[in-house]
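The values are calculated or read from the model by the stated rules, or taken from the named source; none is laboratory data. As the structure is a computational prediction, the values presented were derived from the model and not from experiment. Ideal geometry is used to build each Cβ from the backbone, glycine not excepted, and the neighbour counts take in all protein chains shown. Ligands, DNA and RNA are stripped out before the accessible areas are found, and what is left, the full protein with its side chains, is counted by its heavy atoms. Shrake-Rupley method; radii C 1.70, N 1.55, O 1.52, S 1.80 Å.
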Amino acid sequence: MDPHAEKGVFELPVDGSPDTPNEKPPNPSSPSITAAEDSPDELSEEESADLRRVGDKIKAEAWLVAMYSGAERFAFYALQAPLQNYMQNPAKDFGRPGALGLGQSWATALNCTLMLVSYTTPLFAGVLADGHWGPYKVLVVSSCIYLCGILLLLLTSIPPALEAGASLGGLIGSFCLLGIGIGGVKSSVAPFTADQVRGDGKRIATLETGERVIIDPEITVRTVYSIFYWCTNLGSLSGLASTFMETYLGFWTSFLLSFVALTIGTMALVLGRNKYYRRKPEASFRAKLLSALACAIRGGFRLDAAQPAHQLEKHGRSVPWDEQFIRDLRDALDACKVLSVYPIVWLCFDQNQTNLISQAGQMITYGIPNDAMLTLNPICVLIIVPILERWIYPYMPKVGLSPRPTVRMTLGFGLVAVSMAIAAGAQQTVYNAAPCYNMPLECPESNNGRIPNQVSVMLQVPIFVVGAFGEMLFSVSGSEYAYNKAASHMKSTLQAVTMLTVAVGSALGIAVSPAAFNPNLTILFASFTGAMAITSFGFGWLFWSSN
């Protein structure tokens, strides 16, 4: 037995056979399936092509981890939704809630910095999960660090701390802890959820209706990621409560809500520790990965130069990896090529959390906190997920569209471009309206920011609806693609690479944040539209037919 596995937890080696005769690998079965039959390979090509492909039953363990992810996202958005106002607006004599008074550019830059740190650390946490601790231990330890970061932000946001000037230092310190904690969670929670449903490959089964179908693990993984995303967006609704608490009770109550939610989620994760399937970490993984990449770089950036036979013939040395490891590494690097466009996508999509919140603050909100508009995104996602899974994905082949990940990514990128175009139009509408026109909240007629430009915040609704459709297509597909492309000992690491694309997008956000001020915002959103349109066409041209 693996020394990293606790009592009651089984482990599977790479070939899928159990470690000991007394332990059984996960083999979930659907309640609608009456009998399992053959492998699809045993059928003729014509017969196999005629059978409908369906996903398997989602095990309770996967639901439990997805629920933990929902609690973590509840905590994150309860904390993150008020942050732009907390950093941007002054504490007194202003029409919107505030605390630090740093202005829009600095608030946007700091928000992007938190995202940068949070999505860079998964690269290190992913290697730790795959090579040493395993994803479960990484999740638990990261959650504890995460809780410390929230607690620090909470304590330095109470009124006495604000008056004492401790809040900016507390914000910076909490961002450091939050970046490590969030990064550790993000590196492992999605693949750990999908690990709970990995079965024995494709198989034929008969449904209760008598229909013979192929149980396809890839469809199961797609469904798991959709469920995972649905649960995380359910948790994201905390931003709605958090922004009202910020407005009427103070920022510290929003951060307290975040702390309580993550505490409950972490306790549930720990209490269920004996129920999960845990991938066996490969102790030498990090050394082999770095050494193989170094050999490939020295060989002219060719992976063939890292092949064991090549190293033995050219350099007279034996290496600790085999040809299969190099094939797995090649697949992972091919996946990285597909994911390389994501920084531009995240730069545009993350406007939801920064400049679109500020845009809402320039509009008539009818008593709704301006940062509550962010919760439109998760509300839309909760509605969109079942629509995609039940109606759109199953019928895409009938109109000549394969629902494979790269097709969904391309369509999602296009929708993000459309959402940015709508945002540019909404911003120009704000600039065309009284009383402050292209300097909203900054002219004397605004009464210190209490009177916004006379444009309804409902103009933002299409931005979030279209963006949510795009997000469900590109984000779920990216995580699913990374999981399916990665070998068992590389799943957390490749998932961390997808998170790194978010970090690079945040770095780009920091770079463009100096342009985030009036009257430049229409041009800024239009630039995002152009960048996203070029990205969508380029990606579709290169990867539309990729599997």
Check your understanding: If Thr375 passes every condition in (1) within 24 Å of the chain's Cα centre (by Cα); (2) closer than 27 Å to Tyr483 by Cβ but one, which one does it miss?
Key -> (2)
Exercise for review: Check whether at least one residue in the stretch 498-513 is free of Cβ contacts under 8 Å to residues at least 60 places away in the same chain and open to solvent by 10 Å² or more (accessible area, probe 1.4 Å), and report yes or no.
Suggested key: yes
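Pick from the stretch 511-527 the residues that are among the polar types (S, T, N, Q) and assigned to a helix (DSSP H, G or I): which of them is nearest to Cys443 (Cα to Cα)?
Going through the qualifying residues, I end up with Thr522.
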Point to revise | Residue satisfying condition, being assigned to a helix (DSSP H, G or I), within 21 Å of the chain's Cα centre (by Cα) and modelled with pLDDT under 90, within set Leu500, Leu508 | key: Leu500
Check your understanding: Which is aliphatic (A, V, I, L, M), part of a helix (DSSP H, G or I) and open to solvent by less than 10 Å² (accessible area, probe 1.4 Å), of Leu64, Leu79?
Key -> Leu79
Practice item. Go through the stretch 357-384 and give me each residue that's open to solvent by 10 Å² or more (accessible area, probe 1.4 Å) and of a type in the set (D, E, K, R). Key: none
Revision key, fill the gap. Within the stretch 203-230, the residues that are part of a helix (DSSP H, G or I) and either among the small types (Gly, Ala, Ser) or without any contact (Cβ under 8 Å) to a residue 60 or more places away in the chain (or both) are Ser226
Check your understanding: Applying the selection to the stretch 238-274, what residues are under 22 Å from the mean Cα position of the chain (by Cα) and of a type in the set (Phe, Trp, Tyr)?
Key -> Phe255, Phe259
Practice item. For the stretch 97-202, please list each of the helices (runs of 4 or more DSSP H) lying entirely inside it that holds at least 1 residues being touching a residue at least 40 places away in the same chain (Cβ under 8 Å) and open to solvent by less than 10 Å² (accessible area, probe 1.4 Å). Key: 104-128, 135-155, 167-195
Revision key, fill the gap. Restricting attention to the stretch 243-275, the residues that are open to solvent by less than 80 Å² (accessible area, probe 1.4 Å), over 19 Å from Ile368 (Cα atoms) and part of a helix (DSSP H, G or I) number exactly 14
Exercise for review: Please find, within the stretch 422-464, the residue that is nearest to Ala91 (Cα to Cα) out of those that are β-branched (Val, Ile, Thr) and surrounded by 19 or more Cβ atoms within 10 Å (Cβ to Cβ).
Suggested key: Val457
Exercise for review: Scan the stretch 516-547 residue by residue and report those that are more than 16 Å from Tyr342 (Cβ to Cβ), open to solvent by less than 40 Å² (accessible area, probe 1.4 Å) and either at pLDDT below 95 or in contact with a strand residue (DSSP E or B) (Cβ under 6 Å, 6 or more places away or on another chain) (or both).
Suggested key: Ala516, Asn518
Check your understanding: Is it true that Leu293 is assigned to a helix (DSSP H, G or I), free of Cβ contacts under 8 Å to residues at least 60 places away in the same chain and open to solvent by 70 Å² or more (accessible area, probe 1.4 Å)?
Key -> no
Revision key, fill the gap. Selection from the stretch 105-131 of residues of a type in the set (Val, Ile, Thr) and more than 23 Å from Pro281 (Cα to Cα) yields Thr108, Thr113, Val117
